[in-house]
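Values in this text are rule-based calculations from the coordinates and carry no lab data. What you see is a predicted model; the values in this text were computed from it and never measured. Please note: Cβ atoms are built from the backbone with ideal geometry, for glycine as well, and neighbour counts cover all protein chains shown.
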Amino acid sequence: MALEPARVTAVLWKLMPLAARADKKAAAAYLLSALPSIQGEQETAVRAARRTVRIVMANIRALIVDDSSVMRKIVERCLRQAGITLSAVFEASNGAEGLAVIGNNPVDLILSDINMPVMDGLEFVTNLQASANAKGVPIVMITTEGGEAQVTQALTLGAKGYIRKPFTPDQVRQHVVPLLRAD
Amino acid sequence: MNPDVTTTVPGNGYEQRNEEWRRALYEAAAEVFEMMVGEPVSLQEDTAAAPGATDTTAMVGLAGALCGVLSIRCTTSSAAGIASKMLGEPVQSTECIEQQLDALGEICNMVAGNFKARVEGLREQCMLSVPTVITGQDYCLHSLADNDRLEVALLFQGNPIVLRLEIHG
């Protein structure tokens with residue numbers, strides 16, 4: 001629940017004449033009486049927002065595609081450190097394996113490296129368009145390649161974001177959590 | 001910036017470039033170790049004093065505006081230390097050799113990517129290969145070209161790690 005703009009306007013509307021009359025005592029008394037109510041509404045809104053974030057970050061099924069098993073484990077750890085509750089983690093060591101996994105398993109989030117043998121991340125993202133299980137699923141590229149061209153290409157193909165290696169858990173949180181909220 | 005890296009830059013543009021690239025290599029490696037391994041590396045003052053007993057070598061090829069090979073050499077023990085720190089769990093036994101090699105290859109890959117991002121003109125114009133890792137000491141790396149070579153010696157947990165950039169063109 002968000003704080004109603006009408007509620008804020010009503011408080012200001014009542015406050016303005018008092019301020020205009022320079023009736024500081026009355027203005028202060030009114031503010032003191034109105035503030036707890038506003039604060040209460042704010043706290044309710046914050047609690048509701050937190051609850052919503054918890055819901056969208058719960059029971060996430062993630063697919064992590066990277067040719068390095070160490071990197072896959074690090075990415076998974078970063079997701080958990082970001083407060084995302086993972087109900088299932090699927091791993092693939094290249095795009096072809098990733099497509100096979102997603103063909104049999106619906107997921108809520110895909111994180112993929114770009115530079116991989118057999119099928120790279122860009123080809124993987126291109127082929128995901130034909131997968132029913134990938135429809136509407138946010139894709140985040142995790143790449144060593146710093147080139148704008150590859151990043152732009154990945155975004156054009158449907159990726160929602162990218163994280164450059166090396167990265168911190170906080171950077172993973174910043175890039176991934178808003179995508180889960182948006183859904 | 002470690003003062004050891006910023007040595008006097010000679011007037012020769014070629015040497016100046018090498019000095020800048022050596023510095024970029026050090027900074028790239030320092031950042032990768034800081035962020036992904038969670039433990040800093042320090043610069044070893046005397047490159048020539050770096051022991052030759054390293055037995056694990058990770059390599060990444062570079063192509064495009066810069067053609068060459070970036071390699072990282074260290075001991076098996078250091079590779080195990082790096083993997084353990086990255087995964088947050090012990091990866092010391094011989095059964096975990098795959099994870100140790102994987103970790104070193106990924107470190108090499110990230111250092112190469114970070115290095116090219118720091119050098120003007122390389123970020124967009126240079127591509128990286130997937131990493132290759134070699135174990136053992138009894139090998140020689142031959143190149144057909146007359147290479148230029150940059151080397152940066154580091155210490156990780158007191159043990160040597162050598163970064164080498166072979167420049168083919």
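For the stretch A:70-183, the square roots a ≥ b ≥ c of the C-alpha gyration tensor eigenvalues yield an a/c under 1.5, which makes the shape rounded. With neighbour counts taken as other beta-carbon atoms within 10 Å, the residues A:S68, A:S33, A:S131, A:S112 rank, fewest first, as A:S33, A:S131, A:S68, A:S112.
Residue exposure proxy: B:L141, A:L109, ordered by other Cβ atoms within 10 angstrom of their Cβ from fewest to most, comes out as B:L141, A:L109. Just to confirm a number: summing +1 for Lys and Arg and -1 for Asp and Glu over residues other than B:Y139 whose beta-carbon lies under 12 angstrom from that of B:Y139, what do you get? Within the 12 Å Cβ shell, the charges total -1. In terms of distances greater than 23 angstrom between alpha carbons, the cross-link table entries A:K160/B:K85; A:K160/B:K116; A:K73/A:K135; A:K165/B:K116; A:K73/B:K116 yield A:K160/B:K85; A:K160/B:K116; A:K73/A:K135; A:K73/B:K116. Taking amide hydrogens as placed 1.01 Å from N in the peptide plane, the amide H of A:T144 sits under 5 Å from those of A:I114, A:N115, A:K165, each at least 5 positions away in sequence or on another chain. Between the amide H of B:C67 and those of B:H168, B:G169, distances stay under 5 Å, these residues lying 5 or more places away or on another chain, with hydrogens modeled in the peptide plane.
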